[in-house]
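**Q** Take a look at the following structure, please.
The values are calculated or read from the model by the stated rules, or taken from the named source; none is laboratory data. Here the structure is a predicted model, which is why all the values come from computation and not from measurement. FYI the Cβ positions are ideal-geometry reconstructions off the backbone, even for glycines, and counts take in every protein chain you see.
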Amino acid sequence: MRFAYDTEYRQGFALLRHPEDWANYGLLAALLLAAPFFASNYILGEMAYVLILCIAAMGLMLLTGFTGQISLGHAAFVAIGAYAHAWLMRQGVPMAASIPLAALIAAAAGLVVGIPAIRVHGLYLAMVTLAFAIIVEQLIGMWRGVTGGFMGLSVPRPEMFGLSLASPTAFYYFCLAVAVVVLLGLLNLLRSGLGRAFVGVRDSEAAAAGLGINVKRVKIGAFGLSAGVTGLAGALMAHHIGYLTPDGFTLLLSLELVLMVVIGGLGSMRGAIMGAVVIGVLPVAISRLKAVLPDVVARQFGLELFVFGAILAFFVLFEPRGLNGRWLKLRALIQSFPLYRRDTFRRQKAYMKSERDK
Amino acid sequence: MNAPLLELRNVSLHFGGLKAISGLSMTVQPGEVLAVIGPNGAGKTSMLNLVTRVFNASGGEMHFKGADLRRVPRHRIAHLGLARTYQNIELFENATVLDNLMLGRQRFDQGRWWQQLLRTPALTRMEEDHRAQVEAVIEFLELSPWRNALIAGLPYGVRKVVELGRALCTQPELLFLDEPASGLNPEETRDLAFWIEDIRADLGITVVMVEHDMSLVNAVADRVICMAQGAVLAEGTVEEVQNHPGVIAAYLGG
């Protein structure tokens, strides 16, 4: 059991509240920083890819997990970020300017979709974003002058302030730095007024409006911000892929992003990262597993999709709060051992809400 | 008599052919506790929804401290100093009590977006000020055992109090309570009566409450308005309204 003995309010909303937090996250940071010294180039490349996925998942988590808006079209923002970045770099814009510009372009696209999209909720919003993603995919294929069409577009080698980021180690460190900056920025935002406004809009628009929140503006803003962060991930993704074609940003990527935030646990940035790690590592793990599996199974078409689907079904059925929820339970078990009770986290209905006015 | 805090003049609200409110005129004086009673469908909650701009009035005038409410967008109502609770409890279910109350501070300065992004020292101080205000409300309503609890796990009675607390966090001049005692047990209702007294006396907030529980109305209301069929039927002290023949007819049929 842990009791709060805060003497100042700022202790209550510190990011690292307890000495163990410092130790744990310090250890994690040390591991991530030391990775290039013991990991192979292949592993480093995969880790950079997972970090990029983390950024994209954080972007979607902001929208789906905190503002309650479902998007099935976030691959479009990844694509817009990636193509914008590649195009800008080919025009001679330095990388340090091109990445933020690409994020801004994706954010602008997010605003354009967001303004009409906030009029609809839930399933309808999902359909609007899905349609948007399909349109973007087609546009990229058609707009040969800028995107290279279906032939693709090669991405210039990453270079910043005269330093080449092309080596796996350098690119890994760069992705790590961007991911950490994005994470800290979003965490700061989420524990401030704007983050609370997001949650307010998610849980009750009526009450949010009554408390002085401009619901429309917050929703559109969340759309833009989410698209911008996802576009930033896209810009990094361009370098990871090296050669952009429209089929790199299909519906499957959108679905993977949704899987990440759902499996991770809606409403937590830690969940977004956990989900991204799992979904990012899974294809590699499956391909490794194929060597061990019996031939009939290993050669089965769509094995990956099947595993994705099975995992999603498993989480929806047994752990709706996602990996983050599982993690919180595990932590409580360790902290309160042997006093932990299984019912600690059981959600009980204290009363049934009447649906009189609905 | 001083200038009224809130004045409705000949207000109407029509949904197509349905006249929810027609020709409603009433005033709220600063510093009073006004109870609005009336049978179901009388338009009590619709009146609240009109004033807080959930619905657009079909006609008439609404003024709060001289400001024309019909020109104020819904999300600016709180900035004028109007706060409300809801009949069916509109809390932010997947947030803690503390976050819910902090959301009550949204009408005040939350810092520029870049300050929030970077968590500047100035913003930290601002957050601490908001938190201090919230803590004052937590102490006032005795919510400290629930401070970090999720709303989703709270019993009904506590939710009602949290919602009242959230409205108080906006530091309103005029507080609307929509059936504050519905679903509360007698003990909780007595607590509520004391709180309403204190809200008026210590915090200087004018209270308008829509309520069916006549014991609560009796205990705290200075003045009662009885509505029926979208208009004011009777107005006066509790006894006057209770003995008004039209009111008895409206409730019992006649």
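**Q** Just to be sure I understand, how many residues within region B:93-110 are facing chain A (nearest Cβ under 9 Å), over 14 Å from A:Leu190 (Cβ atoms) and not polar (S, T, N, Q)? Explain how you work it out, then say what you get.
**A** Quick first cut of region B:93-110, residues facing chain A (nearest Cβ under 9 Å) only: B:93-95, B:98-100, B:102-110.
Subset that is over 14 Å from A:Leu190 (Cβ atoms): B:93, B:98, B:100, B:104-109.
From the residues that got through so far, the ones that are not polar (S, T, N, Q) too are B:93, B:98, B:104-105, B:107-109.
Of the residues in region B:93-110, 7 are facing chain A (nearest Cβ under 9 Å), over 14 Å from A:Leu190 (Cβ atoms) and not polar (S, T, N, Q).
**Q** Where the second residue is of a type in the set (D, E, K, R) and part of a helix (DSSP H, G or I) and the first is more than 18 Å from B:Ala152 (Cβ to Cβ) and at the interface with chain B (Cβ under 7 Å from one of its Cβ atoms) and lies in region A:192-210, which pairs have Cβ atoms under 6 Å and are six or more apart or on separate chains?
**A** Correct list of pairs: A:Ala209/B:Arg74.
**Q** A follow-up question, please. Of all residues in region B:111-140, how many are facing chain A (nearest Cβ under 7 Å), buried (at least 20 other Cβ atoms within 10 Å of the Cβ) and aliphatic (A, V, I, L, M)?
**A** 1
**Q** Continuing with this model, one more query. Just checking, how many residues over region A:87-144 are among the polar types (S, T, N, Q), within 30 Å of A:Gly162 (Cβ to Cβ) and under 22 Å from the mean Cα position of the chain (by Cα)?
**A** Counting residues in region A:87-144 that are among the polar types (S, T, N, Q), within 30 Å of A:Gly162 (Cβ to Cβ) and under 22 Å from the mean Cα position of the chain (by Cα) gives 1.
**Q** Report, by residue number, each residue of region A:176-191 that is crowded, with 20+ Cβ neighbours inside 10 Å and either touching a His at 6+ places or on another chain (Cβ under 8 Å) or within 7 Å of another protein chain (Cβ to nearest Cβ) (or both).
**A** A:Leu189
**Q** Let me ask you something else. Between residues in region A:18-43 that are of a type in the set (A, V, I, L, M, F, W, C) and residues that are at pLDDT below 85, which pairs lie under 8 Å by C-beta distance while being six or more apart or on different chains?
**A** As it stands, the answer is A:Trp22/A:Leu16, since those pairs meet every condition given.
**Q** In addition: With the checklist (1) outside any loop (DSSP other than H, G, I, E, B); (2) more than 7 Å from chain A (Cβ to nearest Cβ); (3) buried (at least 21 other Cβ atoms within 10 Å of the Cβ); (4) not hydroxyl-bearing (Ser, Thr, Tyr) in hand, flag the one item B:His63 doesn't pass.
**A** Of the numbered conditions (1) outside any loop (DSSP other than H, G, I, E, B); (2) more than 7 Å from chain A (Cβ to nearest Cβ); (3) buried (at least 21 other Cβ atoms within 10 Å of the Cβ); (4) not hydroxyl-bearing (Ser, Thr, Tyr), the odd one out for B:His63 is (3).
**Q** Is one or more of the residues making up region A:31-52 in contact with a strand residue (DSSP E or B) (Cβ under 9 Å, 6 or more places away or on another chain), buried (at least 23 other Cβ atoms within 10 Å of the Cβ), closer than 30 Å to A:Gly221 by Cα and of a type in the set (A, V, I, L, M)?
**A** Taking every residue of region A:31-52 in turn, none turns out to be in contact with a strand residue (DSSP E or B) (Cβ under 9 Å, 6 or more places away or on another chain), buried (at least 23 other Cβ atoms within 10 Å of the Cβ), closer than 30 Å to A:Gly221 by Cα and of a type in the set (A, V, I, L, M).
**Q** Ok, one more. Consider region A:77-130. How many of its residues are within 23 Å of A:Pro246 (Cβ to Cβ) and not in a helix (DSSP H, G or I)?
**A** Residues flagged as within 23 Å of A:Pro246 (Cβ to Cβ) and not in a helix (DSSP H, G or I) within region A:77-130 amount to 2.
**Q** Same structure again: Whether any residue in region B:173-191 is among the small types (Gly, Ala, Ser), closer than 29 Å to B:Arg76 by Cα and surrounded by fewer than 19 Cβ atoms within 10 Å (Cβ to Cβ) is what I want to check.
**A** yes
**Q** Output yes when any residue across region A:253-266 is within 24 Å of A:Phe198 (Cβ to Cβ) and within 14 Å of another protein chain (Cβ to nearest Cβ), and no when none is.
**A** Scanning region A:253-266 turns up at least one residue that is within 24 Å of A:Phe198 (Cβ to Cβ) and within 14 Å of another protein chain (Cβ to nearest Cβ).
**Q** Does B:His79 satisfy being at pLDDT 90 or above and closer than 30 Å to A:Arg10 by Cα?
**A** Details: at pLDDT 90 or above: yes; closer than 30 Å to A:Arg10 by Cα: yes.
Yes: the conditions hold for B:His79.
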